[in-house]
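Working notes, structure below.
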Amino acid sequence: MSEINLKEPLLQVQNLVQHFPISRSFTVKAVNGVSFYIRPGETYGLVGESGSGKTTIGRSVIRLYNPTGGQMLFQGQDITGKLDGKTREMLRKDMQMIFQDPMASLNPRKKVEDIIGEGLEIHHIGASKQERQALIGDMLKKVGLSPEHAARYPHQFSGGQRQRVGIARALIMNPKLIIADECISALDVSIQAQVVNLMRDIQEETHCAYLFIAHDLSMVKYISDRIGVLHLGYMVESGTKEEIFSNPVHPYTKSLLSAIPHPNPEVEKRRKAITYDYASSGLDYAAGTEHNVGGTHTVLGTDEDIRRWQKQ
Amino acid sequence: MVMEPILEVRDLHTSFLTSNGEVQAVRGVSFDVEKGKTLGIVGESGSGKSVTSLSILQLLGVTGKVTAGSIRLGGEELTTKSRKEMRAIRGERIAMIFQDPMTSLNPLIPLGDQVGEMLWEHHRKMSKEERREKVLELFRMVRIPEPEKRMKSYPHEFSGGMRQRVMIAMALACRPDLLIADEPTTALDVSIQDQILKLMRSLQKEMGMSIMFITHDLGVVAELCDRVAVMYGGLIMEEADIIDIFQRPMHPYTLGLMASIPDMNQDKGKLLQPIPGSPPDMIHPPKGCPFAPRCPYAMRICTEEMPPCVATGETRRSMCWLLDPEAPAEGNPLKQRKEGIA
């Protein structure tokens, strides 16, 4: 553990702000000053309800959006603002994304080998076509498909297999960080576990880091080392999964955790949901600052809020 | 404790004719929904759970057809009803809510009018004022704040949870005997899901209706249902009371489902055990048990012959060769369990 702690963070996000101007008088404030970091080889989970900004953060980090404010460092290099050619190439190679809907994110008119191999071609990896094909074959085997699948089209696969193609496409670049945006939400329960276990095995082998975005808290708990809880574009609480799940401090986190139905009817009967409503809670996220409440556990709030929550 | 069933489905077969052949989506499903109780139907996509509910309402479209079996609502056969007769039953006696409330609502009509349409359709004699009052009452019942104002709103002005409340109000407008809910909370966040499930439970108590709840989330089943039927490959693999199925699952597929969801109370260590492989192709369904190709305990007979449905307790049944008296006891997860019960 201590060895990992000494390492430089792979990704450092400082005060990320992402606003979308809709009209002269109206701006969607999707992300309002979020900070976090990811170390090499670790999994950081982002949870929150829809509209909390978790997907926006993923897309800003990989620069599908131009951040409105804040700073992001990836492998020590600034990836905000205008990117120079070298930084862009590094970013596109070392950071990859797996999308939510495996059908919508694979080109239906391309063969699987062309989908997976596109990155190799663009970045001139592999000297010849044969070499590239060998790389693609190996990758297909790694994600649990067979090299014969290379000549097929996406519609010839089931949902779980398509997501494996999506994972293969991300992995072939040998990235340091993979952003997985709700990558298992569209799959069946029995297939979800297959894909999550595959992601775990790959992490053990290649030591890549994951930014795992999901709303399924039990899966996030299963796969993540550290978790950030988002609400209305603010990071309300962050810490290791043990810190978050066994000692939630922020009322939003508490309410979120208490809302998960338990797959055991006897435990389920005893579960009591805590309700939380931002409008009537009297809290103002913008006024709060990040407070450390022990270890890596941080909570957003004013001094008084934190004192009150910790007493409870 | 013999309860009167409101819905009896016997040996239901439903097929769809496609250009690739006949898709046998449901292949002999039997179950009861008891009065005032909730039956959960669990299964993955393609298991036939949604088609079962659409068969009950005869909403299969032009390609789908109930090929065999009977569906009885309060003793009345539904499969032989004409289109006109079915129209009177839909909404009035059986209502349905769907997964995505945005696509089930008309974006161009105010929500109050959409709920009122249900009343107009089934109670033509009701006056405009009466209808307005009734819609207002329904909006209050599903706990939509400021109902007078919100009645005039359009779907896009509502959040996902609020839209699903409108769908519930619409479904309950005629006080149906049976409510079919097809994954009504899948598109919602956990906290909103919790609110909707609580609302459904309290409305069920108030009105005494039965609910058929279709989902793939075992946590939701544990929260809401009294009984559960687990579907796979167009068949019910196991049916049991809620406590029984979670304490002692008696089918390898149910066992597999439970092993593939992470346990919130377990901190670390335990690896998820996914079910290998993928669901069967329903154009050419396997001759034997549909789960056999993915089953870790499959024997030779499993791929050759359909397993019989056997009682595994007073109120439960399973469909598996492992329960056969001739099945080996060694390494058999179900036999040991069965002896545990006896």
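Computed values, structure above
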{"quantity": "Evaluation of A:L120 against (1) open to solvent by 10 Å² or more (accessible area, probe 1.4 Å); (2) modelled with pLDDT of 90 or more (one fails), failing number", "calculated": "(1)"}
{"quantity": "Failed criterion for A:R200 (all others in (1) modelled with pLDDT of 90 or more; (2) more than 9 Å from every other protein chain (Cβ to nearest Cβ) hold)", "calculated": "(2)"}
{"quantity": "Count - residues of the stretch A:184-217 that are among the small types (G, A, S) and open to solvent by 20 Å² or more (accessible area, probe 1.4 Å)", "calculated": "2"}
{"quantity": "Residue list for the stretch A:62-120, restricted to those being of a type in the set (D, E) and more than 17 Å from the chain's Cα centre (by Cα)", "calculated": "A:D78, A:D84, A:E89, A:E113, A:D114, A:E118"}
{"quantity": "Test: A:V165 is β-branched (V, I, T) and either more than 14 Å from chain B (Cβ to nearest Cβ) or within 20 Å of A:G117 (Cα to Cα) (or both)", "calculated": "yes"}
{"quantity": "Residue that is most open to solvent (accessible area, probe 1.4 Å), among those in the stretch B:284-325 that are within 14 Å of another protein chain (Cβ to nearest Cβ) and in a loop (DSSP other than H, G, I, E, B)", "calculated": "B:P296"}
{"quantity": "Enumerated strands (runs of 3 or more DSSP E) restricted to the stretch B:1-47, each holding at least 2 residues that are open to solvent by 10 Å² or more (accessible area, probe 1.4 Å), touching a His at 6+ places or on another chain (Cβ under 9 Å) and assigned by TED's automatic domain parsing to the domain that holds B:T67", "calculated": "B:21-34"}
{"quantity": "Any hit, the stretch A:219-228, residues being over 30 Å from A:G33 (Cβ atoms), open to solvent by 50 Å² or more (accessible area, probe 1.4 Å) and within 14 Å of another protein chain (Cβ to nearest Cβ)", "calculated": "no"}
{"quantity": "Criterion (charged (D, E, K, R) and more than 18 Å from A:D94 (Cβ to Cβ)) met by exactly one of A:E49, A:E42", "calculated": "A:E49"}
{"quantity": "Residues being open to solvent by 30 Å² or more (accessible area, probe 1.4 Å), among the acidic types (D, E) and within 11 Å of chain B (Cβ to nearest Cβ) - total across the stretch A:240-274", "calculated": "2"}
{"quantity": "Lone qualifier among A:S280, A:S258 - being more than 24 Å from the chain's Cα centre (by Cα) and of a type in the set (G, A, S)", "calculated": "A:S280"}
{"quantity": "Scan of the stretch B:204-234 for residues that are in contact with a strand residue (DSSP E or B) (Cβ under 7 Å, 6 or more places away or on another chain), farther than 27 Å from B:P285 by Cα, assigned to a helix (DSSP H, G or I) and within 12 Å of chain A (Cβ to nearest Cβ), ordered by number", "calculated": "B:V221, B:L224"}
{"quantity": "Unique residue being buried (at least 16 other Cβ atoms within 10 Å of the Cβ) and either more than 22 Å from A:I172 (Cβ to Cβ) or in contact with a Pro (Cβ under 6 Å, 6 or more places away or on another chain) (or both) when the list is A:I98, A:I57", "calculated": "A:I57"}
{"quantity": "Test: residue in the stretch A:270-287 that is modelled with pLDDT under 90, part of a helix (DSSP H, G or I) and among the polar types (S, T, N, Q)", "calculated": "yes"}
{"quantity": "Neighbours by Cβ (under 7 Å, 6+ apart or cross-chain): first from the stretch A:128-148, open to solvent by 90 Å² or more (accessible area, probe 1.4 Å); second at pLDDT 85 or above", "calculated": "A:K141/A:P147"}
{"quantity": "Of all residues making up the stretch A:229-239, the number that are assigned to a loop (DSSP other than H, G, I, E, B) and open to solvent by 30 Å² or more (accessible area, probe 1.4 Å)", "calculated": "1"}
{"quantity": "Filter pass, A:R162 being farther than 25 Å from B:L188 by Cα, in a helix (DSSP H, G or I) and open to solvent by 10 Å² or more (accessible area, probe 1.4 Å)", "calculated": "no"}
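The values are calculated or read from the model by the stated rules, or taken from the named source; none is laboratory data. Everything numeric in this text was worked out from a predicted model, so none of it was measured. Counting neighbours? That spans all protein chains shown, and the Cβs are built from the backbone with ideal geometry, glycine included. What goes into the accessible areas is simple: the full protein's heavy atoms, side chains included, and nothing from ligands, DNA or RNA. Shrake-Rupley method; radii C 1.70, N 1.55, O 1.52, S 1.80 Å.
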